[in-house]
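Engineer: The structure's right below; bear with me while I get my questions together.
The values are calculated or read from the model by the stated rules, or taken from the named source; none is laboratory data. As the structure is a prediction and not an experimental result, all values here were calculated from the model. Methodologically, a virtual Cβ is constructed for each residue, glycine included, from the backbone with ideal geometry; neighbour enumeration extends over all protein chains shown.
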Amino acid sequence: MMKIAPSVLAADFSRLDEQMKALAKTSADRIHFDVMDGVFVPNLSMGPFILEFFKQMTDLPLEVHLMIVEPEKHLEAYVKAGATSLIVHQETCPHLHRTIQQIKDLGVPAGVALNPATPVSTLEDILADLDLVLIMTVNPGFGGQQFIQSMLPKIQILRELIDENGYECEIEVDGGINASTAALAQQAGVDVAVAGTAVFAHSEGIAQGVSALQGA
Ligand code: DX5
Ligand code: ZN
């Protein structure tokens with residue numbers, strides 16, 4: 001079954017404690033924490049200070065998606081604040097191999113995200129070192145956008161590359177995931193789906209949001 005990583009970007013921040021307790025009762029695998037800097041992406045969100053509060057509110061793993069320039073300057077701060085894994089963007093890391101090693105030296109799994117226009121081939125030479133590749137199925141910066149269907153063949157290319165080489169690397173998708181796009185992503189070979197709106201804005205609540213995606 002595909003794992004679900006709810007993105008707290010879509011949470012109701014006036015009821016966070018209650019929402020984290022509701023999430024703990026679901027089969028959600030991990031929390032997805034979106035960090036935006038207003039430079040790499042046209043929006044600002046949360047930093048390590050806020051992550052510390054999530055650490056206090058949940059026992060679920062906290063996966064941190066860094067949509068920021070020069071992420072190498074901030075890796076340690078996020079791990080200290082409670083990140084259990086870190087994802088950097090290929091587009092922000094001219095020395096990606098070094099950045100990945102820095103994440104591993106901090107003792108947490110390392111992932112790389114690819115914008116819709118960035119091909120899988122840019123990761124071929126370091127794929128053996130990665131714990132996760134995050135395929136963006138929207139242009140990063142905002143929740144609630146529409147899933148870009150043409151990312152499905154890209155997921156299949158990555159699936160084949162990982163399987164052919166026997167790499168232990170998860171494939172995750174992020175953006176526009178709902179029950180129908182989750183099913184398409186799973187068919188294409190995805191292991192984990194990030195979902196903000198489909199979980200936190202589900203008409204019947206968070207638990208139904210998670211189970212609707214898993215049943216997809
Ligand atoms: C987009 C973020 C996503 C976003 C997903 O820049 O990386 O994690 O919160 O939101 P939905 O599921 O609403 O598309
Ligand atoms: Zn994200």
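Engineer: Can we say residue 87 is assigned to a helix (DSSP H, G or I), touching a strand residue (DSSP E or B) at 6+ places or on another chain (Cβ under 6 Å) and closer than 22 Å to residue 132 by Cα?
Structural biologist: Here the answer is no, as residue 87 does not meet what is asked.
Engineer: May I ask you to list the residues in the stretch 38-50 that are more than 21 Å from residue 132 (Cβ to Cβ) and either within 16 Å of ligand 1 (Cβ to nearest atom) or aliphatic (A, V, I, L, M) (or both)?
Structural biologist: 38, 39, 42, 43, 44, 47, 50 - these are the residues of the stretch 38-50 that are more than 21 Å from residue 132 (Cβ to Cβ) and either within 16 Å of ligand 1 (Cβ to nearest atom) or aliphatic (A, V, I, L, M) (or both).
Engineer: Name, by its number, the condition in (1) in a helix (DSSP H, G or I); (2) away from ligand 1 (no atom under 16 Å from the Cβ) that does not hold for residue 9.
Structural biologist: With (1) in a helix (DSSP H, G or I); (2) away from ligand 1 (no atom under 16 Å from the Cβ) applied to residue 9, the lone miss is (2).
Engineer: Would you mind stating whether residue 210 is more than 24 Å from residue 84 (Cα to Cα), more than 16 Å from ligand 2 (Cβ to nearest atom), in contact (Cβ under 8 Å) with a residue 40 or more places away in the chain and among the β-branched types (Val, Ile, Thr)?
Structural biologist: So residue 210 does not fit the description; no.
Engineer: Please enumerate the residues belonging to the stretch 19-52 that are farther than 13 Å from residue 8 by Cβ, within 12 Å of ligand 2 (Cβ to nearest atom) and of a type in the set (S, T, N, Q).
Structural biologist: Selection gives 43 alone.
Engineer: Can you find, within the stretch 45-84, the residue that is surrounded by the fewest Cβ atoms within 10 Å (Cβ to Cβ) among those that are of a type in the set (Val, Ile, Thr) and in a helix (DSSP H, G or I)?
Structural biologist: Step by step, filter the stretch 45-84, then rank; the result is 50.
Engineer: Hey, another quick one. Across the stretch 138-189, which residue is farthest from ligand 1 (Cβ to nearest atom) among those that are assigned to a strand (DSSP E or B) and not acidic (Asp, Glu)?
Structural biologist: 171
Engineer: Another question, then. Looking at (1) surrounded by fewer than 19 Cβ atoms within 10 Å (Cβ to Cβ); (2) over 15 Å from the mean Cα position of the chain (by Cα); (3) within 30 Å of residue 38 (Cβ to Cβ); (4) within 16 Å of ligand 1 (Cβ to nearest atom), which one does residue 92 not meet, given that it meets all the others?
Structural biologist: Of the numbered conditions (1) surrounded by fewer than 19 Cβ atoms within 10 Å (Cβ to Cβ); (2) over 15 Å from the mean Cα position of the chain (by Cα); (3) within 30 Å of residue 38 (Cβ to Cβ); (4) within 16 Å of ligand 1 (Cβ to nearest atom), the odd one out for residue 92 is (1).
Engineer: If you don't mind, there's one more thing I want to ask. What residue, of 137, 99, is under 27 Å from residue 54 (Cβ atoms), modelled with pLDDT of 95 or more, touching a Phe, Trp or Tyr at 6+ places or on another chain (Cβ under 9 Å) and surrounded by 15 or more Cβ atoms within 10 Å (Cβ to Cβ)?
Structural biologist: So the residue among 137, 99 that is under 27 Å from residue 54 (Cβ atoms), modelled with pLDDT of 95 or more, touching a Phe, Trp or Tyr at 6+ places or on another chain (Cβ under 9 Å) and surrounded by 15 or more Cβ atoms within 10 Å (Cβ to Cβ) is 137.
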